[in-house]
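Peer 1: Questions regarding the structure given below will be posed in turn.
The values are calculated or read from the model by the stated rules, or taken from the named source; none is laboratory data. Here the structure is a predicted model, which is why all the values come from computation and not from measurement. Backbone-built Cβ (ideal geometry, glycine too); neighbour counts: all protein chains shown. Surface areas here come from the heavy atoms of the whole protein model, side chains and all, with no ligands, DNA or RNA. Shrake-Rupley method; radii C 1.70, N 1.55, O 1.52, S 1.80 Å.
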Amino acid sequence: MERLHIQQQINITPALTDRINELLSHYPADKKKSALLPVLHEVQDAHDNWLSIELMDKVAEILEIKPIEVYEVVSFYSMFNQKPIGKYMFEFCLTSPCCLNGAEDLIDYTCDKLGIQKGQTTPDGHFTVKGVECLGACGYAPMMQLGDFYKEHLNKEKIDQLIADCKDNKINLH
């Protein structure tokens, strides 16, 4: 299967460089790789919340590690995005407690409402729906993460309200 390759403008600004250097100062000079996770977060945040191959290569260059070391981390953790995502990303927990409480049906419902499939973004760029591993809130199943916040005890009515609130710009992501 051929992988779709999307170009991304790399913009390592002086402010981002300062932030990366500040992060690196917390680790021994010969252990730059230790800063990989926080550096990836900062770089992703500064680049529309996704990391292209070229951008991952740039992180590897900055940290003086092999690109594969960056690819392994980015492909393992669901908090890193390898393609453009919507303004609102609905990340549904897909571990046992959430699935036993209907998370899979709610993902299907959400995707039907938005006219997309899991892992896709709406044509207007507003919504992305994806499944992720445990978000650590099993007692509140089914749940999802939206921006920096958990949305818990979900049902179809709550999904409808979340979509409406996002469309009306009533959702603060941070």
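Peer 1: Restricting to the stretch 133-174, give me the number of residues that are small (Gly, Ala, Ser) and part of a loop (DSSP other than H, G, I, E, B).
Peer 2: 4
Peer 1: Could you tell me which numbered condition CYS111 fails, if it satisfies all but one of (1) open to solvent by 80 Å² or more (accessible area, probe 1.4 Å); (2) under 19 Å from the mean Cα position of the chain (by Cα)?
Peer 2: (1)
Peer 1: While we're here: Inspect all residues belonging to the stretch 106-120 and state whether any of them is in contact with a Phe, Trp or Tyr (Cβ under 8 Å, 6 or more places away or on another chain) and among the hydroxyl-bearing types (Ser, Thr, Tyr).
Peer 2: Yes, because at least one residue in the stretch 106-120 is in contact with a Phe, Trp or Tyr (Cβ under 8 Å, 6 or more places away or on another chain) and among the hydroxyl-bearing types (Ser, Thr, Tyr).
Rundown of residues vs (1) of a type outside the set (Ser, Thr, Tyr); (2) modelled with pLDDT under 95; (3) in contact with a helix residue (DSSP H, G or I) (Cβ under 6 Å, 6 or more places away or on another chain); (4) closer than 26 Å to ASP45 by Cβ, yes/no style:
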{"position": "ALA103", "(1), (2), (3), (4)": "yes, no, no, no"}
{"position": "GLY115", "(1), (2), (3), (4)": "yes, no, no, no"}
{"position": "THR121", "(1), (2), (3), (4)": "no, no, no, yes"}
{"position": "THR128", "(1), (2), (3), (4)": "no, no, no, yes"}
{"position": "ALA141", "(1), (2), (3), (4)": "yes, no, yes, no"}
{"position": "TYR150", "(1), (2), (3), (4)": "no, no, no, yes"}
{"position": "ASN155", "(1), (2), (3), (4)": "yes, no, no, no"}
{"position": "ILE159", "(1), (2), (3), (4)": "yes, no, yes, no"}
{"position": "ALA164", "(1), (2), (3), (4)": "yes, no, no, no"}
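Peer 1: Which one of the conditions (1) in contact with a strand residue (DSSP E or B) (Cβ under 9 Å, 6 or more places away or on another chain); (2) at pLDDT 95 or above; (3) of a type outside the set (Ser, Thr, Tyr) does ASN49 fail to meet, given that it meets all the rest?
Peer 2: That leaves (2) as the condition not met.
Peer 1: Tell me, which residue of the stretch 122-170 that is under 17 Å from the mean Cα position of the chain (by Cα) and aliphatic (A, V, I, L, M) is surrounded by the most Cβ atoms within 10 Å (Cβ to Cβ)?
Peer 2: Looking at the filtered set, the residue picked out is MET144.
Peer 1: Within the stretch 46-69, how many residues turn out to be farther than 26 Å from ASP124 by Cα and open to solvent by 50 Å² or more (accessible area, probe 1.4 Å)?
Peer 2: 7
Peer 1: Next question, about the same structure. Please go through the stretch 27-45 and give me each residue that is open to solvent by less than 50 Å² (accessible area, probe 1.4 Å) and either in contact (Cβ under 8 Å) with a residue 40 or more places away in the chain or of a type in the set (Lys, Arg) (or both), ordered by number.
Peer 2: Once the filter is applied, which keeps residues that are open to solvent by less than 50 Å² (accessible area, probe 1.4 Å) and either in contact (Cβ under 8 Å) with a residue 40 or more places away in the chain or of a type in the set (Lys, Arg) (or both), the stretch 27-45 yields only LEU40.
Peer 1: Same structure again: Taking LYS130, is it part of a loop (DSSP other than H, G, I, E, B) and under 15 Å from MET89 (Cα atoms)?
Peer 2: So LYS130 fails the test.
Peer 1: Additional query: Somewhere in the stretch 56-72, is a residue among the β-branched types (Val, Ile, Thr), without any contact (Cβ under 8 Å) to a residue 24 or more places away in the chain and touching a helix residue (DSSP H, G or I) at 6+ places or on another chain (Cβ under 6 Å)?
Peer 2: yes
Peer 1: Right, another one. Is it the case that the stretch 51-65 has a residue that's out of contact with any Leu (no Cβ under 7 Å at 6 or more places or on another chain), among the polar types (S, T, N, Q) and closer than 30 Å to PRO28 by Cβ?
Peer 2: Yes, that holds for at least one residue.
Peer 1: Taking the residues in the stretch 70-94 that are outside any loop (DSSP other than H, G, I, E, B) and loosely packed, with under 15 Cβ neighbours inside 10 Å as candidates, determine which candidate is farthest from the chain's Cα centre (by Cα).
Peer 2: Applying the filter and picking the extreme gives GLU72.
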